[in-house]
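Engineer: Take this structure, written in structure tokens, and hold onto it; I'll ask about it next.
The values are calculated or read from the model by the stated rules, or taken from the named source; none is laboratory data. Note that the structure is predicted; figures quoted are calculated from it, not measured. Cβ atoms come from the backbone with ideal geometry, glycine included; neighbour counts cover every protein chain shown. These area figures cover heavy atoms from the full protein model, side chains too; ligands, DNA and RNA do not enter into them. Shrake-Rupley method; radii C 1.70, N 1.55, O 1.52, S 1.80 Å.
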Amino acid sequence: MIELGELERTHEEFAKRHVQVVAVSIEGLDDSIKTQKDFPHLVVVSDAERKLISAVEALHPGAGKNHEDVAAPTTILVDNKGMVRWVYRPR
Amino acid sequence: MNEQNQSSTATRRHPGRVYLFLAVLFALVGPALYFGQLSAKVLTTPWYVPLLATAGVASAALALLRARSIWRWAAIILVTLLAAAEWAFLLVAMGTPAYTGPAKSGQAFPAFATSLADGSAFSQSDLKGDQGTVMVFFRGHW
């Protein structure tokens, strides 16, 4: 969640560059609503059914604090034509 | 003069006690700083937490070399366990496998259809238009 705070703090810089910031996790709707409230300038996806995360193959099985599946921290930059420009995953 | 003598006597009675205090301080200050970092929502990997705990282990070892007591043994055991747990958390728990999925630079973003936190639909067509997108996948609430 740290990275979301940093993205929220710098949202004006993204807006200036005509870039939307989309935050994705497999949390349920209630948690996603809370995340949206905490980070109002981000576009929060509630991907509990894992449709987006499966499409991108960004699931990290069993890596949650209680060994549940979570999204693997990954950042993808997409241009305004829907083309991927950069993929980053921290080690 | 009298105070100096008392201080000197205390140092002789508890040699290396300052290292014991430093060990405890190093062990506690890392998690406290990390709590502050989380509160401030600052984006950095907290390498300083296990590093401080490791410094605490070294300090506890120095204290133990100066004098043996049950407190010093307890300190070095606890601080070592803490440092090991912190290193394990950063190197293993926070580690992620290399990305091998279909999102590749220069190719179209994979097709998908999901929903936003407000319940509205969100798909790959929402990535096209007058703005680019930074898509951040995150673990969720911890």
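Engineer: Would you check if there is a residue in region B:94-103 being over 21 Å from A:Leu7 (Cβ atoms) and buried (at least 17 other Cβ atoms within 10 Å of the Cβ)? Show your work before the answer.
Structural biologist: Taking region B:94-103 and keeping what is over 21 Å from A:Leu7 (Cβ atoms), we get B:95, B:97-98, B:100-102.
Subset that is buried (at least 17 other Cβ atoms within 10 Å of the Cβ): B:101.
Yes, that holds for at least one residue.
Engineer: Next question, about the same structure. Would you pick out the residues in region A:38-54 that are open to solvent by 70 Å² or more (accessible area, probe 1.4 Å) and either farther than 24 Å from B:Ala121 by Cα or in contact (Cβ under 8 Å) with a residue 24 or more places away in the chain (or both)?
Structural biologist: Residues satisfying the conditions are A:Pro40, A:His41, A:Arg50.
The rows are residues; the columns are (1) of a type in the set (S, T, N, Q); (2) more than 24 Å from B:Gln107 (Cβ to Cβ).
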residue: A:Ser32; (1), (2): yes, yes
residue: A:Asp38; (1), (2): no, yes
residue: A:Gly64; (1), (2): no, yes
residue: A:Ile76; (1), (2): no, no
residue: A:Asn80; (1), (2): yes, no
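Engineer: Can you name the number of the only condition in (1) surrounded by 14 or more Cβ atoms within 10 Å (Cβ to Cβ); (2) within 7 Å of chain B (Cβ to nearest Cβ); (3) under 17 Å from B:Ala103 (Cβ atoms) that A:Lys81 fails?
Structural biologist: Checking A:Lys81 against (1) surrounded by 14 or more Cβ atoms within 10 Å (Cβ to Cβ); (2) within 7 Å of chain B (Cβ to nearest Cβ); (3) under 17 Å from B:Ala103 (Cβ atoms), the one that fails is (1).
Engineer: Being surrounded by fewer than 17 Cβ atoms within 10 Å (Cβ to Cβ), without any contact (Cβ under 8 Å) to a residue 60 or more places away in the chain and facing another protein chain (nearest Cβ under 7 Å) is true for just one of A:Glu13, A:Glu57, A:Glu68, A:Glu27. Which residue is that? Before you say what the answer is, go through the steps one by one.
Structural biologist: Details: A:Glu13 fails: facing another protein chain (nearest Cβ under 7 Å); A:Glu68 fails: facing another protein chain (nearest Cβ under 7 Å); A:Glu27 fails: surrounded by fewer than 17 Cβ atoms within 10 Å (Cβ to Cβ).
A:Glu57 is the lone residue from the list that is surrounded by fewer than 17 Cβ atoms within 10 Å (Cβ to Cβ), without any contact (Cβ under 8 Å) to a residue 60 or more places away in the chain and facing another protein chain (nearest Cβ under 7 Å).
Engineer: Would you confirm whether or not region B:51-71 contains a residue that is among the charged types (D, E, K, R) and over 27 Å from A:Glu6 (Cβ atoms)?
Structural biologist: yes
Engineer: Oh, and also: A:Ala63 - would you say it is more than 7 Å from every other protein chain (Cβ to nearest Cβ), in contact with an Asp or Glu (Cβ under 8 Å, 6 or more places away or on another chain), without any contact (Cβ under 8 Å) to a residue 12 or more places away in the chain and not in a strand (DSSP E or B)?
Structural biologist: Yes, satisfied.
Rundown of residues vs (1) in contact (Cβ under 8 Å) with a residue 12 or more places away in the chain; (2) more than 14 Å from chain A (Cβ to nearest Cβ); (3) among the aromatic types (Phe, Trp, Tyr), yes/no style:
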| position | (1), (2), (3) |
| --- | --- |
| B:Leu65 | yes, yes, no |
| B:Ala74 | no, yes, no |
| B:Glu86 | yes, yes, no |
| B:Gly101 | no, no, no |
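Engineer: Let me ask something additional. Would you mind finding the one in B:Ala117, B:Ala32, B:Ala113 that is farther than 30 Å from A:Asp30 by Cβ and either in contact (Cβ under 8 Å) with a residue 12 or more places away in the chain or open to solvent by less than 70 Å² (accessible area, probe 1.4 Å) (or both)? Show your work before the answer.
Structural biologist: Values: B:Ala117 fails: farther than 30 Å from A:Asp30 by Cβ; B:Ala113 fails: farther than 30 Å from A:Asp30 by Cβ.
Residue meeting the stated conditions: B:Ala32.
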